[in-house]
1. Going by the conditions given, is PHE370 more than 19 Å from THR328 (Cα to Cα), in contact with a Cys (Cβ under 9 Å, 6 or more places away or on another chain) and surrounded by 20 or more Cβ atoms within 10 Å (Cβ to Cβ)?
2. Tally up the residues in the range 528-542 that are farther than 20 Å from ALA444 by Cα and either crowded, with 22+ Cβ neighbours inside 10 Å or in contact (Cβ under 8 Å) with a residue 12 or more places away in the chain (or both), please.
3. Under 8 Å by Cβ, and 6 or more places apart or on different chains, what pairs join a residue from the range 430-448 that is hydroxyl-bearing (Ser, Thr, Tyr) with one that is surrounded by fewer than 22 Cβ atoms within 10 Å (Cβ to Cβ) and not in a strand (DSSP E or B)?
4. Assess whether CYS484 counts as being within 22 Å of SER216 (Cα to Cα) and modelled with pLDDT under 90.
5. How many residues does the range 342-389 hold that are under 22 Å from THR321 (Cα atoms) and either among the polar types (S, T, N, Q) or free of Cβ contacts under 8 Å to residues at least 60 places away in the same chain (or both)?
6. Just to be sure I understand, how many residues within the range 312-332 are within 19 Å of CYS438 (Cα to Cα) and part of a helix (DSSP H, G or I)?
7. Yes or no: the range 321-344 includes at least one residue that is open to solvent by 60 Å² or more (accessible area, probe 1.4 Å) and among the acidic types (Asp, Glu).
8. Kindly indicate whether any position in the range 434-442 is closer than 21 Å to MET296 by Cα and outside any strand (DSSP E or B).
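The values are calculated or read from the model by the stated rules, or taken from the named source; none is laboratory data. Bear in mind that the values here come from a model prediction, so they are computed numbers and not experimental data. Counting neighbours? That spans all protein chains shown, and the Cβs are built from the backbone with ideal geometry, glycine included. Side chains are part of the model used for accessible areas, which takes the heavy atoms of the whole protein and leaves out ligands, DNA and RNA. Shrake-Rupley method; radii C 1.70, N 1.55, O 1.52, S 1.80 Å.
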Amino acid sequence: MIMTSNLLDLLKQEKMLSEGQYKSTIKQIKNTSVKAVQALTDSNLINPGSLADFLARYFSLPRVNLRSHEFSDHLWTDYDLMFKYSAIPVDESGQSITLAVADPTIPNLEQDFTFASGKRIRIVVTDWTELSEKLERHKNNHIIAENTFSHYTINSDPGEDTEDIADDDWETHQAPVTQYLYRVLLFANQNQASDIHFEPFEQQYQIRMRIDGLLSAQFKPDKAMSRRLTARIKVLANLNIAERRHPQDGRFKVKISDHLIVDLRVSTLPTLWGEKIVLRLLNSNIHTLKNQTLGMNPRQRSIWKQSLDQPQGLILVTGPTGSGKTYTLYSGLSELDTSAKNITTIEDPVEIQLHGINQVQVNPNIQLTFSSVLKAILRQDPDIIMVGEIRDKETAEMAFRAAQTGHLVLSTLHTNSSLDSLSRLRQIGIPDYLIASCTNLIIAQRLVRRLCPHCKIPTPVPEEFDYQSSLSSGLAFRENPDGCSYCYNGFKGRIGLFELLPFTANNKTALFQSSQTPSSEEVQFQTLWQSGLSVLSEGETSFNELLRVLEHE
């Protein structure tokens, strides 16, 4: 039976609370965010044992004493739901779970536990003092607290045990679904996965990870676990676990080590065989957002820094989805971030939270668009503005206007090359004189997988390779498909290929002397292919990897 009464309203109706006590308790709940039963107990307005006896009689529910009731700590448990609803499993049979609660009127309690466990929920009543003692013991003995995994670290030495669990052996105490999710997240972090896909199909459930830009299947849990994994992730992300018909978005954090916290962005999607969930792993460690880590060569870094040092103008970063544009912009912002600068970003979504920078996430549902936010930012005395993406003429015009009137503006554009960006801006409706006068730099970029330095294999450059003469040694390297203990299938991480087009006087003449977009030979800059050859000659990537990423350039 699902309870629907509100506890305070019920007690007021039964003359167990006066009007004054009722109002003071509501005020206490609003000020302290405690549950109603805790507020009543803390205020000594009602004895917790007497309240439990009353609720058991009123709802015809069994009454249990948790201090004398013997039950195993190894029953099915979802610790996040337990702490959210202040409920503890005290018995489990094949098709049902018995939950002890102090307040059976809490909305959605039975529905959420039913969805998470796949079993029928039976409610029993206990008093708040006994229940809070048991909950406190669970909080002290288990890792999950406030949506943050806070007690496990990753050991950087791949030859040693990669799990270092502090203070408690959670493998003994945690629920199987929790253990499983931990291992998935540990594996993803160790292999630098950017996304984790939890995918239900008719006959199986699989977990794929995007490692170094490519998806591959890593886990195939029992299909019966899929519902529990889905529920656990949705609870962590503070999503509605009973809603399975509409997409939802959320996020939570994982503390991988004392120096690294990873944000996980959660997206759910209803599919034919159940909800698909994708976790995007966002590295929140600002110390990694440095220009040296991008992969630019010294000359490219010099051009990039000179453009960032300009007091006004526009810097555009282009490339397909997944090419690292946002990371490049964030690295630039981290270099510019000082107490003397007012920096504001407009993003969809905010991927990494940057300390000291004002970040705004667009929300089209309430008309909070790139263009509307940009209008508001221009009235906020900004020095530097980052527009996550230029999507339309209105946003483009405002970005150029801001760059023209004393602001440094950074943004992205979905084009394949720096020269293609000119055509795109013209198509949007930006005149050449405005592009020429406002633009400081256009960057096109790609990401290629980096060869593992421990197991890469020397190989001759294929004769048919047109750029063979560019490699003085005639040798390159390829991946070891078997990999080693330091890498994943012969690759470890990715490195950027960059094409920087600075708007120097000579380049402006070549770019705008006719209405046609010039060829790369007419403009002085290093192309993506030339950047790739440099990376290839240094043994950082393979010939086949270059072809995979740049074959159509």
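1. Working: more than 19 Å from THR328 (Cα to Cα): yes; in contact with a Cys (Cβ under 9 Å, 6 or more places away or on another chain): no; surrounded by 20 or more Cβ atoms within 10 Å (Cβ to Cβ): yes.
When the stated conditions are applied, PHE370 does not pass them.
2. If we filter the range 528-542 for residues that are farther than 20 Å from ALA444 by Cα, which is where we start, we get 537-539, 542.
Restricting the remaining residues to those that are either crowded, with 22+ Cβ neighbours inside 10 Å or in contact (Cβ under 8 Å) with a residue 12 or more places away in the chain (or both) gives 537, 539, 542.
Total meeting the criteria: 3.
3. That search, which allows pairs on different chains as well, returns SER437/GLN404; THR439/PHE503.
4. Numbers: within 22 Å of SER216 (Cα to Cα): yes; modelled with pLDDT under 90: yes.
The answer is yes for CYS484.
5. Just the residues of the range 342-389 that are under 22 Å from THR321 (Cα atoms), to begin with: 345-354, 359-364, 369-371, 385-389.
Still in the running and either among the polar types (S, T, N, Q) or free of Cβ contacts under 8 Å to residues at least 60 places away in the same chain (or both): 345-348, 350, 353, 359-364, 369-371, 385-387, 389.
Total meeting the criteria: 19.
6. 2
7. Of the range 321-344, the ones open to solvent by 60 Å² or more (accessible area, probe 1.4 Å) are 321, 327, 335, 338-341.
So of that shortlist, the ones also among the acidic types (Asp, Glu) come out as 335.
Checked against the condition, which is being open to solvent by 60 Å² or more (accessible area, probe 1.4 Å) and among the acidic types (Asp, Glu), the range 321-344 yields at least one hit.
8. So the first thing to find is which residues in the range 434-442 are closer than 21 Å to MET296 by Cα, and the list is 439-442.
Now narrow it down to the ones that are outside any strand (DSSP E or B): none.
Checking the range 434-442: not a single residue is closer than 21 Å to MET296 by Cα and outside any strand (DSSP E or B).
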